[in-house]
Structure formats: C-alpha cells, structure tokens
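The values are calculated or read from the model by the stated rules, or taken from the named source; none is laboratory data. Everything numeric here is computed off the predicted structure, so don't read it as measured data. With ideal geometry, Cβ positions are generated from the backbone for all residues, glycine too; neighbour counts draw on all protein chains shown. Surface areas here come from the heavy atoms of the whole protein model, side chains and all, with no ligands, DNA or RNA. Shrake-Rupley method; radii C 1.70, N 1.55, O 1.52, S 1.80 Å.
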Amino acid sequence: LKPVAQARAPAAAKLRGDAVAPAVQVIVLVGRRGGHRGTGAAMPPLCLVHFVLAGAQIGFGGGAILGKFGLRGTNPVLFALLREGVAGPVLWAAAGWRTRVALPPAADVPRLLAAGTALFVNQLFFILGLKVSDPVSGSAWQPTQPIFTMAIAVCCGYERATWRRTFGTVLAVSGAVFMVVCGAGGIAADKATAWAGQLLFFFNCMGTSSYVVLTKDLVARHSPLSVTAWSYMVGSSMLLVVACCFNSVPALLGFVCDDPDREARDACVDNAWRIPITAVGPLCYWIAVSSVFAYAAMTWANRYVRSSVVSVYTVLQPATSALVSYALLVVRGPAWGAKYDLHKP
C-alpha cells in the first residue's frame with residue numbers, strides 16, 4: 001500500500017495546484033483592476049508618477065496667466081484652434097516615431113472619438129472662459145474635476161466610492177471653492193459676463209474629467225503618447241469646424257471678442273483669422289507646455305494610477321496661478337494688471 005500512496009501523492013498535489021491556480025489568477029486580476037499594474041506595463045517609481053502629475057498641473061496653472069496676455073485683442077477660438085492644430089501633428093509624429101503605429105485599430109475608434117470630443121470641449125470652453133473671466137477663477141475651478149472624475153469612474157465601474165477618497169476629494173475641492181467665493185470670484189461678481197464665465201469653466205472641467213476616464217482603457221492597450229495624439233487630432237478637427245462657424249456669424253464673433261477695451265475688441269473682430277505678435281509667446285507656451293507636455297504627462301500617469309488620483313492634482317492649478325499673478329502684480333503694479341484682468345488673489 002505504501003508505494004501506491006506515494007504514487008498517488010504527486011497526482012493529488014497536481015490536482016490541488018490546478019484548483020488553486022484559477023483562484024490565484026482571479027486575485028491577481030482583481031488586484032490589478034483596482035491597483036496600478038493593470039496595464040501590463042512596467043511600473044515606474046510611484047514618486048515619479050506623482051512628480052509628473054504635479055508638473056503637468058503646474059504647467060496648466062502658469063498657462064492660465066500667460067493665456068490671458070495672449071487673448072488680449074485675439075480671437076480665442078482661433079487661439080485654441082492653433083494650439084490643437086499644431087500640438088496634434090507634433091504629438092502624432094512623435095508617437096509614430098516612437099511606436100511605429102500611425103492609426104488606431106477600428107475597434108477603438110468610437111472611444112477615441114469620445115475622448116477627442118471631451119478634449120475639444122475642455123479646451124474650447126476653457127479658452128472662452130478665460131476670455132470673459134479672470135485666470136485665477138479659471139484655475140480655481142479646476143479642482144472640481146476630482147468630483148466629476150470620481151463620479152464618472154464609479155458609474156463606469158472603474159472605481160469604488162470609499163469614505164477616504166470622498167473625504168480627500170471634498171477637502172481638496174473646498175480650498176478651490178473658498179478661493180472662488182472669497183477671492184477671484186468676488187472680483188468678477190459685478191460683470192455682466194460673470195455667470196457665462198463660470199458656466200464655461202464648468203463645462204471645461206467636465207470635459208477634462210471625461211477625457212481622463214475615457215482614456216483609462218485606451219492606455220492599457222496603446223502607448224499614452226499615441227492616445228494623446230489621436231485625441232488631439234480629433235479635437236483639432238472639431239475646433240476647425242467651430243472656428244469657421246464662429247468667424248462666419250457676427251453675433252458669435254462679437255461674444256468671443258467682447259472686451260472692456262474697445263480697441264482690443266475691435267482688433268479681435270477685425271482680425272478674426274490673424275494672431276497678433278503679442279500672442280505668439282503665450283501660444284508657443286500653450287502648445288509646448290500646456291498641450292504637448294502636460295497632456296502627454298497626464299495621459300501617461302493615467303496608465304499607472306486611478307483616474308481620481310490624476311484629477312486630484314488639479315488643486316495645484318489655482319495655487320500656481322495665484323502665485324504667478326501675485327508676483328506679476330508686485331513687479332508691474334495693479335494698474336498694469338487691471339488691463340489684463342489680473343488682481344491680487
């Protein structure tokens with residue numbers, strides 16, 4: 001009997017192993033779905049991921065101030081079109097050189113169209129809001145994105161709502177709300193376009209949150225640089241159509257060119273398809289930093305951390321804009337800042 005028992009032992013062990021293996025696989029898959037390694041890509045140091053996210057949002061915050069300079073006497077829709085129209089091909093060429101993949105598979109086209117639409121909404125509405133409102137208010141709106149992102153991600157089944165995430169998100173957003181209510185929001189309260197500016201920033205934040213969630217699955221299958229490039233190509237195509245419509249309708253052109261300075265308003269209306277020399281520097285910053293670097297960095301980080309974590313870093317935008325605005329006003333003076341709707345936060 002002893003030899004028989006010894007012969008059966010390996011078979012029993014193998015049977016137990018076969019039974020355990022699927023359970024191990026399920027545990028690994030569940031862990032990957034909720035953790036950072038669900039994409040199959042090598043996990044970089046977590047501190048690097050958070051550093052890149054912080055750098056992207058600081059770049060966005062600085063762009064809000066520089067964009068206000070570039071929009072004086074400039075058609076904001078044309079500004080946004082040139083931003084995406086240049087950044088899209090640059091990202092696409094870089095992604096093609098790096099990955100040797102020029103076009104996405106047909107199965108991913110619908111999601112990429114949705115991501116590109118979200119990017120289009122985000123950038124168009126932010127530039128319009130920046131035109132009619134002040135940059136600190138625009139940056140202060142950005143930390144509402146974690147709420148939208150977490151809500152969308154929970155509805156789509158990507159994340160679970162926990163009290164820790166909810167508390168952290170509310171705490172981060174409270175600071176931005178305080179800035180809007182007690183700081184920059186009070187500045188624009190007497191303007192006829194104040195509510196329009198706040199509404200535009202709301203849709204801007206919804207667009208960014210939707211983009212982060214929609215690209216979550218895409219970066220699991222494709223290079224983040226490719227996903228960013230494809231989304232930008234879709235967004236720039238939509239902006240071209242919108243720019244043609246706005247420049248063809250005097251009422252719409254008058255709305256986006258509205259400015260307390262009559263000279264700046266007339267320059268915007270009369271040169272709807274031209275960018276003044278004063279806007280070239282801010283436009284280059286928005287292309288290189290706010291588009292190519294910041295969106296590529298944010299999409300890359302979205303591969304390794306949850307979508308809500310990506311959005312939480314937007315709290316750095318109002319802080320950056322407030323610091324840059326304060327420094328410029330100290331150096332140049334309040335009278336100079338009033339010309340660009342800059343006020344001490």
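Laid out as a table, the results:
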| item | result |
| --- | --- |
| For the range 217-345, radius of gyration divided by Kirkwood radius, i.e. Rg to Rh on alpha-carbons | 1.04 |
| Carbon plus sulfur fraction of accessible area for the range 53-180, probe 1.4 Å, in percent | 75 percent |
| In order through the range 225-242: 3J(HN,Hα) via Karplus (6.51 cos²θ - 1.76 cosθ + 1.60), integer Hz, x for Gly, Pro | 5, 5, 4, 4, 5, 4, 5, 5, 5, 5, x, 5, 5, 5, 5, 4, 5, 5 |
| Loop trypsin sites (Lys or Arg not before Pro), the range 103-168, which have at most 13 other Cβ atoms in a 10 Å radius of their Cβ (DSSP) | R160 |
| The range 200-214 - phi-based ³J(HN,Hα) in whole Hz, Karplus 6.51/-1.76/1.60, Gly and Pro as x | 5, 5, 4, 5, 4, 5, 5, x, 5, 4, 5, 4, 4, 6, 5 |
| Sites A106 and A54 - FRET efficiency at Förster radius 41 Å, r taken between beta-carbons, to 0.05 | 0.65 |
